[in-house]
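Visitor: This structure is in structure tokens; I'll ask about it shortly.
Nothing in this text is a laboratory measurement; each read-out follows from the coordinates by a stated rule. If you're wondering where the values come from, they're calculated on a predicted model, not measured in any experiment. Reconstructed Cβ throughout: ideal geometry from the backbone, glycine too, with neighbour counts over all protein chains shown.
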There are 2 protein chains.
Amino acid sequence: MTKKTKEQIAFQGELGAFSQMAIRQMFGDSAVARPFPTFEQAFRALAAGKVTGAMIPIENTLHGSVHENYDHVMNFGLPIVAETSVRIVHNLIALPGVRFSDVKRVYSHPVALNQCHDFFRQNPQVARVSHYDTAGSVKMLVDERPEGAAAIASALAAEQYGCHILKKSIEDDRQNFTRFFLLRPKANPETPKAIKSRPGSVRGWKTSLVFTTKNTPGALFRAMAAFALRDISLFKIESRPFKGRRWEYIFYLDFLGHVDDPVSQKALGHLREVADMVKVLGCYPRGD
Amino acid sequence: MTKKTKEQIAFQGELGAFSQMAIRQMFGDSAVARPFPTFEQAFRALAAGKVTGAMIPIENTLHGSVHENYDHVMNFGLPIVAETSVRIVHNLIALPGVRFSDVKRVYSHPVALNQCHDFFRQNPQVARVSHYDTAGSVKMLVDERPEGAAAIASALAAEQYGCHILKKSIEDDRQNFTRFFLLRPKANPETPKAIKSRPGSVRGWKTSLVFTTKNTPGALFRAMAAFALRDISLFKIESRPFKGRRWEYIFYLDFLGHVDDPVSQKALGHLREVADMVKVLGCYPRGD
């Protein structure tokens, strides 16, 4: 009997980060989450075969698309094979035995501190202290044991470092979600022959791509025609000035459909006629 | 003789922030920059007439659109009257008399620290310390005078707090720009009659708007037709899931043209036919 080797999934941040929550959400206990200090290092690890996948945040409902990670997906050429969304729930976390009345200082990443204004308004006795990472601030509580301190991070971070949650869900906005892509060295295998025999039959798949057009009136309109004329639903369209080339734009686009579906293939062929560059980043089952 | 009252322009952050650089870029010395701890407080100050304008970051070439500020622009109904872009140049800053060889710890916002990887790789003797704000980390040097400390922030922050720059431009990426909107209580006055007598004659103006469509195939294509069929150039198009309404999308769109131009008016009329909601956020001279 051979023991099945666990998945090794890279992410950026400390153990207990929201990216690790995305890994757990997708894999349960069947994957080991492997932390890296930077996104680039997580991509490098996957490209070098040191991990079997990488879980990468690509957009957030408050903060927009993470252009840096779109750049890495394009440059490393590692395909997207799955997506998932995590609700960003901030918790006030402390060492075992610490009560809320003991807390004088709260450590976290400045972005997380800024997402808990109501909590700080209602508790003027506690000071905010910036830290480089949300989960890292819980790790620091354990390593340095500062007096009267708590941290703001995910529930997973509390669990990871053996701390306890003093107050759950202290974030101002419950509509704060981060969408993650799972990347692999190879694309998802082609789906069953049904796709080719029954065009449009494969529901529940999304395809992500980037394309560039010249900055002329109507260029985007012609590109959109490739999808609209075939009744293909779009989930995302976003323009971004193309790095280093003034007045050229790169577009991110997600559509509903499997990339191997003949309808999708015709749309992509049409898009290639009117765009300067088209690159499919991946095809994956539609997440929740 | 009456002394002309200076403009009072609100921004989020500490004195010396990149938003203050945007104010200086636009106004030179003719405006007083007024710092507020949060974006919402800066918007509130403008809505309450406590300042004459607000300078608000709306997108960054690495980090994408600031959805929070799009929300504030929509909710407060304060019009955009100008735009400007600031290149994000990070400098290593210290108290007068401190030499580079003295520096053991570097304070800044984690995002800024992460944008100077090459510097930290080349200087392993210095440790990174997270702070809540870039300019705020220079202020802290002056207030607390920690030994062996430097900060990463704008050149303006060095000037503001009487510190000096040890190393200029230590950021990894020179293509890091933030685009700012200037908001006022009232929209720019209508431009000369020339617009109405010679449609399409007013060059160099941009109009920003948001619209929503039902999530049906081709909905966006029909919306884009309003501009494409009139040869109107687009600068930005971005979809975003509509907060709290699943499967509905809100779009940000910037086009080249004055809102009062009859061609623009026809395009907006056409857009209103095919979109559920259309809201013009402002019309302003095209920035550099």
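Visitor: Karplus couplings for region B:120-127 from phi (6.51 cos²θ - 1.76 cosθ + 1.60, θ = phi - 60°), rounded to Hz, Gly and Pro as x?
Guide: Those phi angles translate into 6, 5, 6, 10, x, 6, 9, 9 Hz.
Visitor: If we count every other residue with Cβ under 13 angstrom of B:ARG230's Cβ, Lys/Arg +1 and Asp/Glu -1, where does the sum land?
Guide: Numbers: positive: B:LYS266; negative: B:ASP231, B:ASP261.
The answer is -1.
Visitor: For A:SER101, which inter-copy label distances result when the label point lies 7 Å beyond Cα on the Cα-to-Cβ vector, reported in nm to one decimal and in ascending order?
Guide: 5.5
Visitor: Let me ask something else about it. Indicate the gyration tensor shape class of chain A (rounded, prolate or oblate), computed on the Cα atoms with a ≥ b ≥ c the square roots of the eigenvalues: a/c under 1.5 is rounded; otherwise a/b larger than b/c is prolate and the rest oblate. Write down the numbers at each step before the final one.
Guide: On the way: a/c = 2.46, a/b = 1.80, b/c = 1.37.
Because a/c hits 1.5 or more and a/b exceeds b/c, chain A counts as prolate.
Visitor: Ok, one more. What average count of beta carbons from other chains do you get within 10 Å of the Cβ of residues in A:157-163?
Guide: Details: counts 0, 0, 0, 0, 0, 0, 0.
The per-residue average across the peptide is 0.
Visitor: Between copies, how far apart are the B:ARG203 label points? List them in nm, one decimal, shortest first, with each point 7 Å from Cα toward Cβ, please?
Guide: 5.2
Visitor: Sort shortest first the distances from A:ASP29 to its counterpart in every other copy, using label points 7 Å along the Cα-to-beta-carbon line, and give them in nm.
Guide: Label point to label point, same position, other copies: 7.0 nm.
Visitor: Could you work out, residue by residue across B:112-120, how many beta carbons of other chains sit within 10 Å of that residue's beta carbon, and then give the average as an integer? Walk me through the numbers on the way to the answer.
Guide: Details: counts 0, 1, 6, 1, 0, 4, 0, 0, 0.
Per-residue shielding by partner chains comes out at 1.
Visitor: What base-10 log of the normalised intensity I(q)/I(0) is obtained for the protein assembly as shown from the Debye formula, alpha carbons as equal point scatterers, at q = 0.07, 0.11, 0.13 Å⁻¹?
Guide: Taking Cα atoms of the protein assembly as shown as identical point scatterers yields -0.45, -1.13, -1.51.
Visitor: Which entries of A:LYS266/B:LYS236; B:LYS50/B:LYS167; A:LYS50/B:LYS167; A:LYS186/A:LYS236 have Cα-Cα distances beyond 30 Å here? It would help to have the intermediate numbers written out before the result.
Guide: On the way: A:LYS266/B:LYS236 27 Å; B:LYS50/B:LYS167 38 Å; A:LYS50/B:LYS167 36 Å; A:LYS186/A:LYS236 24 Å.
From the list (A:LYS266/B:LYS236; B:LYS50/B:LYS167; A:LYS50/B:LYS167; A:LYS186/A:LYS236), the Cα-Cα distance tops 30 Å for B:LYS50/B:LYS167; A:LYS50/B:LYS167.
Visitor: Output ³J(HN,Hα) for region B:43-52: one whole-Hz value per residue in order, computed from phi by the Karplus curve 6.51 cos²θ - 1.76 cosθ + 1.60 with θ = phi - 60°, and x for Gly and Pro.
Guide: For region B:43-52, the Karplus curve yields 5, 4, 4, 5, 4, 8, x, 7, 9, 9 Hz.
Visitor: OK, next. For a quick check: with amide H placed at 1.01 Å from N, whose amide H comes under 5 Å from B:LYS167's, ignoring anything fewer than 5 positions away on the same chain?
Guide: B:LEU92
Visitor: Each residue of region A:250-264 in order: what ³J(HN,Hα) in whole Hz does its phi give by Karplus 6.51 cos²θ - 1.76 cosθ + 1.60, θ = phi - 60°, with x for Gly and Pro?
Guide: 10, 10, 9, 9, 10, 10, 7, x, 7, 4, 7, 4, x, 5, 4
Visitor: Check B:TYR107: other-chain or 5+ apart residues with amide H under 5 Å from its amide H, H built from backbone geometry?
Guide: Correct list: B:VAL129, B:ALA150, B:ALA151, B:ILE152.
Visitor: Return the chain A residue and its Cβ-to-axis distance, rounded to the nearest Å, for the rotation relating A to B.
Guide: Nearest to the symmetry axis by Cβ: A:GLY64, 2.
Visitor: Give the relative contact order (percent, whole number) for region B:204-277; include only Cα pairs under 8 Å separated by 6+ residues. It would help to have the intermediate numbers written out before the result.
Guide: Working: 113 pairs, mean separation 34.2, N = 74.
Once normalised by length, the contact order is 46 percent.
Visitor: Which trypsin sites (Lys or Arg not before Pro) does region B:1-94 hold that lie in a coil by DSSP with at most 10 other beta carbons within 10 Å? Kindly include the intermediate steps, with their values, before the conclusion.
Guide: Details: sites: B:LYS3, B:LYS4, B:LYS6, B:ARG24, B:ARG44, B:LYS50, B:ARG87; in loops: B:LYS3, B:LYS4, B:LYS6, B:LYS50.
Passing both the DSSP loop test and the Cβ count: B:LYS3, B:LYS4.
Visitor: Could you give the dipole magnitude of the protein assembly as shown about its Cα centre, charging the beta-carbon of Lys and Arg +1 and that of Asp and Glu -1, in debye to the nearest 20?
Guide: Numbers: 76 positive and 56 negative charges, 191 e Å.
With only Lys, Arg, Asp and Glu charged at Cβ, the dipole is about 920 debye.
Visitor: Can I ask one more? In deg cm²/dmol and to the nearest 500, what is the mean residue ellipticity at 222 nm of the protein assembly as shown if only DSSP H runs of at least 4 residues count, each as -39500 (n - 2.57), divided by the residue total? List each step's numbers first, then the result.
Guide: Working: 20 runs with 168 residues, N = 576.
So the calculated ellipticity at 222 nm is -8000 deg cm²/dmol.
Visitor: Oh, and also: Check which residues have an amide H placed less than 5 Å from B:PHE235's amide H, if you skip close sequence neighbours.
Guide: B:ASP254, B:PHE255, B:LEU256
Visitor: Would you work out which of B:PRO96, B:PHE120, B:VAL86 lies farthest towards the positive end of the dipole of region B:34-165, given +1 charges on the beta-carbon of Lys and Arg and -1 on that of Asp and Glu, about the Cα centre?
Guide: So the residue we want is B:PRO96.
Visitor: Find the centroid of the Cα atoms in region A:215-288 and in region A:1-70, then give the distance between the two in whole Å.
Guide: 26 Å
Visitor: Counting other beta carbons within 10 Å of each residue's own, what order do A:SER233, A:SER264 fall into, fewest first? Could you put the intermediate results ahead of the total?
Guide: Numbers: A:SER233 18, A:SER264 25.
Listing A:SER233, A:SER264 from fewest to most nearby Cβ atoms yields A:SER233, A:SER264.
Visitor: Something else now. Quick one: work out the % antiparallel among DSSP beta bridges in chain A, nearest 5. Could you put the intermediate results ahead of the total?
Guide: Numbers: 44 of 60 bridges.
Taking every DSSP beta bridge within chain A, about 75 percent pair in antiparallel fashion.
Visitor: Select from B:MET26, B:MET277, B:MET140 the residue whose mean-square fluctuation is largest in a Gaussian network model of chain B (Cα-Cα springs shorter than 10 Å).
Guide: B:MET277
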